[in-house]
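For reference, the structure is listed below as structure tokens.
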Amino acid sequence: MRSFLKNIGTSVLAATLAAGGLLAATGASAQQRPIRIGAFTATTGGASFLGDPQEKTLRLYVDKINKAGGVLGRKLELFIYDSAGDARQAVTYTRRLIEDNEVDIIIGGSATGESMAVIPIVEEAQIPFISLSGGNVVVEPVRKWVFKTPGSDRMAVSKIYTDMKARGFSKAAVISGDGGFDKSCQKEAVTVAKTMGIAIVADEVYAQADTDMTPQFTRIAGAKPDAIVGCGFGLGGVITVRNHRQITPQIPLYFTHGVGSQQFVEGARGAAENVRITVSPLLVAEQLDDSDPQKKTLLEYTKEYQEKFGEKPAAFGGFSYDALHIALAAMQRAGGTDKAKVRDEIERTKNFIGIDGIFNMSPTDHMGLDFNTAFRLTEIKNNGWHLVK
Amino acid sequence: MVDFLQFLLSGITRGSIYGLVGVGFALIFRSSHAINFAQGEFVMIGGMATVFFLTLGLPLVLAAAGAVVAAALIGALLQRLAIAQAKNASVLTIIIITIGAGMMLRGAAEIVMGRNFHSYPAFSGELPVDLLGAKMQSQSLWVVAALVLVTIGIHFFFARTRLGKAVEATFSNRFAATVIGINVPRILIVCFMLSAAIGALGGVVMTPITLTHFELGVPLALKGFCAAIVGGLTSPFGAIIGGLILGLSEAFAGGYISPTYQEAVAFVIIIAMLIFRPQGLFGRRAVERV
Amino acid sequence: MTSDTPRQLIACAVLATALALLPIVAPNPYYLDLATKACLAAVVCIGLNLLSGYAGQLSLGHAAFFGVGAYASAILCAKVGITPVVAMLAGCLISAGIAYVMARTVLRLKGHYLAMATLAFGVIISIVLNREVALTGGPDGMSVPRFNLFGYRTTGVWAGYGLAAVALVLAVRTAIVFVNSRVGRALRAIGDSEVAAEGLGIDIARYKTGVFVISAVFASVAGSIFAHADRFVSPAEAGFMRSVEFVAMIVIGGLGSVAGSIVGATLLTLLPQLLAGFDHYRHFLTGLILILIMIFMPAGIVPTLLASGRALHDRYRPFGRSARSVTGRTSEG
Amino acid sequence: MAPLLDIHAVGVSFGGVRALDGVSFSTEAGRIFSIIGPNGAGKTTLFNVISGAYPAQQGKVVIAGRDMTTAPPSARAALGLQRTFQNLQIFGTMTALENVMVGGHLRQRTGFPSALLGLPSVAAESRAMRRRATELLDLFDLAGLGGAVAGELAYGQQKRLEIARALACEPRILLLDEPAAGLNPSETEDLANVIRRLAGMGIAVVLVEHDMRLVMAISDELLVLNFGRELARGTPAEVSSNPAVIEAYLGVEVD
């Protein structure tokens, strides 16, 4: 039994190393042990639209940083697994990362559920974990070892309602899928509306795999909202805007960052025109003022991602960019990979200029984004992203 | 009234999609008493292969035809190289082979086309069609047309062609079919090709509406399978009617009652059917011979 | 499977010893996590195999019973504050009740009706778990308290493994004794020929109902233990794809074989871990492996290996035993 | 006292075809009652109606004084009715011994709870049943084949196994559907002895058989069916001298 398990262990390790293109890095044997970055993302399954760019971004930057000599004179070694957005698999892979791969930090959890599932494990193992999921519950209440980089749905929704009020709208309809990503946004959309004086006149749900949402939009049309808030991502997001164009083109449509990718606009084939989306500044980087501190980082990330993968990065890719760089910066400040020190340094992250915004973490805030930089309001015009000023 | 019409149109569009997916289940169940869990992947291949051929620069008609032919070939290969290879396999073994085949096709699409979704323009423009105040996507008409075409085609195939009659004979009694000289292995290949082609045709016409993605097949297959069950599992026409029933029920339940449990409608119908009409709408009651 | 009960109980003891030694030889808790999941899947599969491999009925919704057990434990422990053992029993009762009603409704019919009913019921359960956010946490799932027994709180992956291993040994022992009892023989007879079984006085609907309820309870217990082992449950556990995975496990391991259930469950639990490094090629390879196993071992791994072992041993018996068809008709002459 | 098996005017149609029309007969413990007739005369259908595989659409089936017309096969078995099948229905994946053990289903008690708990009584009962099954196998010349997978036995062995299985629950009525089909003359001779012995044990044997020599040699009473109706009934001597039977059947069949 033992040799059997050992075989599994070694063959898997070999495969992982080979896939990560890291065998080349082992040449520098005189050096210290590489810094081990552990990650799990939902590259397949329902949340694959979130996980795929996150995985690509991590691979891209681990490679790039290694080419530039690594961190603290040590190479990076990436262990990354596909959780398929499934809590059970996330738990197993997290144990694997901690116990078998002996990683120094864990980045991952494209979906809120899988992030929540691994929290007891990382807390018990006392290893820093930077989540890539949107739900506030991940960092509220603050847990010692858990951080996250995506701006929260509450911020996104607040931004939408602020714009709606500026346009004189007071009645909103919400349409969302039944996945965790959508649900989290929908919950905030309903809760925040109360505090901001917006009336929710319709709250419609569709199944994530649904191919047609016209009944939902017909009901929304009957409720006569001033505007519609879409909480969705991936295919569901595209079908939502297409059905919106079909049934209720006269009602303005807002969306949160779930549709923050150029593929969304292309898939919508014109139906995304005039839709307003709160999204990280990534998709409108060129339009930012030159004085904007994020502009340089955003343009660089866009360029590097596009060169490597032949497509523009989606907003979610930025989450893992931020997580990786915050972690590495913390290790640099800590002067090593001591987990407790790295954790303390992550918590001390100040003025970190990332893709999703500018991070200022604290013992009471393990996300560290502020309302103004986290999300920008954009509008789709001529199949392109435009900053609404 | 406009709402009613809108739900009706939604139901017909959905129903046609489910029907197009369901027909393949019925055809294969009829010929080999197996549930083909790769059926959804044939639909996905229809859309994906069309996208692939379009990017090669082929005109839409050729790309679509190429996708259907490609799917039919994959269907034949699946039968020949996998299912026929498992000698004396039980029905469950065949089911697991189709599950494996579905994963392979999904994996192949993932390798070739990546993990993004894909689509291509609707065949007759993107502007919604106005019908007495209700609006439908023009592509829905193409989906319905494909369903009608498949219905007529299947009818013609079973009623008029020698091959279709041979398929019927094989279904009624495989042993007797062998005795009267029907090449049963060939019939099975034909059934797999046919259901793959019909699934792919569905994929071709629905992709402008549903878009396509390497993992799209699984949820579609589940709905298509439900359509086939409602139709009695052995009847291609039953699957088409079953699909329309599911689609309309979903649209009206979602529209008039609440969309929250819209997804469950298909399954509630199945349970109701098992209680009240277990052989399905068009299924034959199994005749027990001792 | 001959009715050589003592020898099989020895096998059971060997299994128990191996499971007890595993924590000592396992390099680290990750392997225990995998072993826990394999054990729990095996428990589900042993129950499912009694239904499919012996009584010849197919269930396409067994994950729903796993989900019922998992959520019963999660909700009753986290929200009501009931002690885990009682919560587990409550889960069993709910699962058994659902299974009983379903079986009574459809098992009077002959054919694939149980497959359809379980499919529909399973998906409905997973939709309900997904939608009833206030109770279940919705799509994001919910956290579960630690398992405690007589006030003794257990910690870490060890406890989860311990529970799963004990459950597996009990399941194996129960299944072996059961299969070799009058009831088990009656079920196997039903799987082979319903007509003859009925003629011998076996009340087919009652026996199928009974074994379906038992298999549901096996799945429910596994689900409850899973909830405490992972300390987290999500609706995916009850989903259709999980149900299909359980069926794949028993067919690949071998229908009508307790050892096959364990082998199939272990293989399909480890496979994603083994293929984790292959990135885009993972799905393709998984599918290919499933197909190859089925082509070369259509009766499943364990029966095929046993048959070839026997063929070597006994030259006079040229044919290995073939797999039972799911409808269980083996017509001779 | 009521007869052990009483069939009263049963009728069955399949899609408009009358397979059985007003057939009646009754028989007693220890008697050998045979049903003969050309192919398609309704013999096997009559067996299926008696054993409960199909319900009788008209008429009554009375077993041991109880009206069982609509009862399922398992309930009829509980009253002591057993049958064998023309197209053998042995349990092909189980061993020969296990086949016979299942045959004794009604003579055992273990239910789901005790089977699951594995109580000592379960094993004890299995042991006792195994002993009885072994005896039955010996009785039918299957000694030593108990561990063999039944589906792999020779045809003649499977036929004997089926009878042994039917006897395991000590039936009062035994329906044998063409037991001699496929047997050679010496095997048929053995079979005749077996059937006589069963009758001698007090079992009411009902036989459907094409082998006229066998039927004529062992039957106490005969029923001749033709197109689902009774053509004649009586002792072998009476039937073989009945002109209608000679014309419709015996004239063609007997050489």
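The values are calculated or read from the model by the stated rules, or taken from the named source; none is laboratory data. These numbers come from a predicted model, not from an experiment. Heads up, the Cβs are rebuilt from the backbone with ideal geometry, glycines too, and the neighbour counts pull from every protein chain shown. Please note that ligands, DNA and RNA were not included when accessible areas were found on the heavy atoms of the full protein model with its side chains. Shrake-Rupley method; radii C 1.70, N 1.55, O 1.52, S 1.80 Å.
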Report task. Would you please give the FRET efficiency between B:Thr151 and B:Ala176, computed as 1/(1 + (r/R0)^6) with r the Cβ-Cβ distance and R0 = 45 Å, to the nearest 0.05? Result -> 0.95
Report task. Run down the aspartates and glutamates and flag those whose C-alpha is under 16 Å from the C-alpha of A:Lys187, throwing out any fewer than 8 positions away in its chain. Result -> A:Glu140, A:Asp153, A:Asp178, A:Asp203, A:Glu204, C:Glu132, C:Asp140
Query - Where a label projected 7 Å from the Cα of B:Leu131 along Cα→Cβ would reach, residues of the stretch B:7-28 with amide N under 14 Å - result: B:7-17
Query raised in the report: Which order do peptides D:64-76, A:119-131, C:72-84 fall in by mean Cβ count within 10 Å, highest first?
Result: A:119-131, C:72-84, D:64-76
**Report entry** the stretch D:90-170: radius of gyration and largest Cα-Cα distance (Dmax), Å
**Finding:** 12.7, 39
Query raised in the report: What nm distance separates the two modelled labels at A:Thr162 and D:Arg229, each placed 7 Å from Cα along Cα→Cβ?
Result: 9.7 nm
Report summary line: In whole Hz, the Karplus estimates of ³J(HN,Hα) for the stretch D:220-237 (6.51, -1.76, 1.60; θ = phi - 60°; x where Gly or Pro) are 7, 8, 10, 10, 9, 9, 8, 6, x, 10, 6, 9, 6, 8, x, 5, x, 5
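What is the percent of Cα-Cα separations in chain A that go past 33 Å?
29 percent
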Query raised in the report: If you take the charge dipole of the protein assembly as shown about its Cα centre, with +1 on Lys and Arg Cβ and -1 on Asp and Glu Cβ, which of D:Tyr155, C:Leu135, D:Leu117 is farthest toward its positive end?
Result: D:Leu117
Report summary line: Quotient of Cα radius of gyration and Kirkwood radius for the stretch A:265-342, i.e. Rg/Rh, equals 1.10
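Just the number, please: carbon plus sulfur as a percent of the accessible area of the protein assembly as shown, 1.4 Å probe, no ligands or DNA/RNA counted.
61 percent
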Requested in this report: Would you mind telling me which residue in A:Arg33, A:Arg343, A:Arg154 has the biggest mean-square fluctuation in a Gaussian network model of chain A, where springs connect alpha carbons within a distance under 10 angstrom?
Outcome: A:Arg33
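Can you give the relative contact order of the stretch C:1-131 as a percent, counting alpha carbon pairs under 8 Å and 6+ residues apart?
26 percent
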Requested in this report: Report, in degrees rounded to the nearest 10, the 0 to 90 angle that the Cα long axis of helix C:113-131 makes with the longest principal axis of chain C.
Outcome: 10 degrees
Query raised in the report: Computed FRET efficiency, Cβ-Cβ of D:Arg109 and D:Arg213, R0 56 Å: what is it to the nearest 0.05?
Result: 0.80
Query - Listed residues A:Val118, D:Gln82, B:Ala264: farthest to the positive end of the dipole of the protein assembly as shown (Cβ charges) - result: A:Val118
Requested in this report: Ratio to report: Rg/Rh of the stretch C:121-228, with Cα atoms as the point set and Rh obtained by the Kirkwood method; give two decimals.
Outcome: 1.11
Query raised in the report: Among the helices of chain B (complete DSSP H runs), which have Cα atoms covering no less than 30 Å along the helix axis and a Kyte-Doolittle mean of at least -1.0?
Result: B:2-32, B:91-113, B:138-160, B:184-210
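Over chain B, calculate the relative contact order: mean separation of alpha carbon pairs under 8 Å at least 6 apart, over the residue count, as a percent.
37 percent
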**Report entry** Segments A:345-352, B:124-131 sorted - mean Cβ within 10 Å per residue, highest first
**Finding:** A:345-352, B:124-131
Query raised in the report: Can you pick out the pairs among A:Lys296/A:Lys381; A:Lys296/A:Lys350; A:Lys64/A:Lys296 whose Cα atoms lie more than 22 Å from each other?
Result: A:Lys296/A:Lys381
Query raised in the report: Label points 7 Å out from Cα along the Cβ direction at D:Glu247 and A:Asn382: separation in nm?
Result: 10.3 nm
Query - 15 Å reach of a label modelled at A:Thr364, 7 Å along Cα-to-Cβ, counting backbone N of the stretch A:129-151 - result: A:140-143
Report task. Give the value in nm², to one decimal: projected area of the alpha carbon convex hull of the stretch B:21-223, averaged over all directions. Result -> 12.4 nm²
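Projected area of the protein assembly as shown, taken from the Cα convex hull and averaged over every viewing direction, in nm²?
51.1 nm²
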Report task. For chain A, find the longest principal axis of its Cα atoms and tell me its angle to the long axis of helix A:234-247, 0 to 90°, nearest 10. Result -> 10 degrees
Query raised in the report: Once you mark the chymotrypsin sites (Phe, Trp or Tyr not before Pro) that are in a DSSP loop and have at most 13 other Cβ atoms within 10 Å, what is the longest gap between them in chain C?
Result: C:151-315
Query - Largest-first principal axis extents, alpha carbons of chain C, Å - result: 60, 47, 43
Report summary line: Reduced to Cα centres, the span from the stretch A:69-93 to the stretch C:178-222 in Å works out to 47 Å
Requested in this report: Among the aspartates and glutamates, select those whose C-alpha is under 13 Å from the C-alpha of A:Lys389, and discard any that sit fewer than 8 residues away in the same chain.
Outcome: A:Asp163, A:Asp289, A:Glu379
Query raised in the report: Within chain D, what percent of beta bridges assigned by DSSP are antiparallel, to the nearest 5?
Result: 55 percent
Query raised in the report: Using a simple spin-label model with points 7 Å from Cα along the Cα→Cβ vector, what separation in nm is obtained for B:Asp3 and C:Val86?
Result: 4.7 nm
Report summary line: XL table A:Lys75/A:Lys341; A:Lys148/A:Lys183; A:Lys56/A:Lys303; B:Lys223/C:Lys79; A:Lys144/A:Lys295; Cα-Cα > 25 Å flagged, in table order, is B:Lys223/C:Lys79; A:Lys144/A:Lys295
Query raised in the report: Ordering A:Leu72, A:Leu60, B:Leu132 from largest to smallest accessible area (1.4 angstrom probe), what's the sequence?
Result: B:Leu132, A:Leu72, A:Leu60
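Express as a percent, rounded to the nearest 5, the fraction of DSSP beta bridges in the protein assembly as shown (both residues included) that run antiparallel.
45 percent
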Report summary line: For D:Lys60, the lysines lying under 29 Å Cα to Cα, once residues fewer than eight places off in the same chain are dropped, come out as C:Lys110, D:Lys43
Requested in this report: Please build a GNM for chain B, connecting alpha carbons under 10 Å apart, and tell me which residue among B:Pro121, B:Pro208, B:Pro236 fluctuates the most.
Outcome: B:Pro121
Report summary line: Relative contact order as a percentage, chain D, C-alpha pairs under 8 Å and 6+ apart, gives 28 percent
Query raised in the report: What ranking, highest mean first, results for peptides B:167-175, A:320-328, D:151-159 when packing means the other Cβ atoms within 10 Å averaged over each residue?
Result: A:320-328, D:151-159, B:167-175
Report summary line: Counting only Cβ distances under 4.7 Å between cysteines, those in the protein assembly as shown with no partner are B:Cys191, B:Cys226, C:Cys12, C:Cys39, C:Cys45, C:Cys77, C:Cys92, D:Cys169
Report summary line: Note: C vs D interface, total accessible area buried (1.4 Å probe; ligands, DNA, RNA excluded), nearest 100 Å², is 3500 Å²
**Report entry** Amide H contacts of D:Asn226 (H built 1.01 Å from N, under 5 Å, at least 5 apart or other chain)
**Finding:** D:Leu231
Report summary line: Quick calc, A:Asp289 & B:Val61: beta-carbon distance into FRET formula, R0 51 Å, rounding 0.05, result 0.55
Query raised in the report: How much accessible surface does B:Leu141 have with a 1.4 Å probe, in Å² rounded to 10?
Result: 90 Å²
**Report entry** Nearest 10 degrees, 0 to 90: helix D:185-200 Cα axis against chain D principal axis
**Finding:** 80 degrees
**Report entry** In Hz, Karplus ³J(HN,Hα) per residue of the stretch A:256-265 (6.51, -1.76, 1.60; θ = phi - 60°; x = Gly, Pro)
**Finding:** 8, 5, x, 9, x, 8, 5, 4, 4, 5
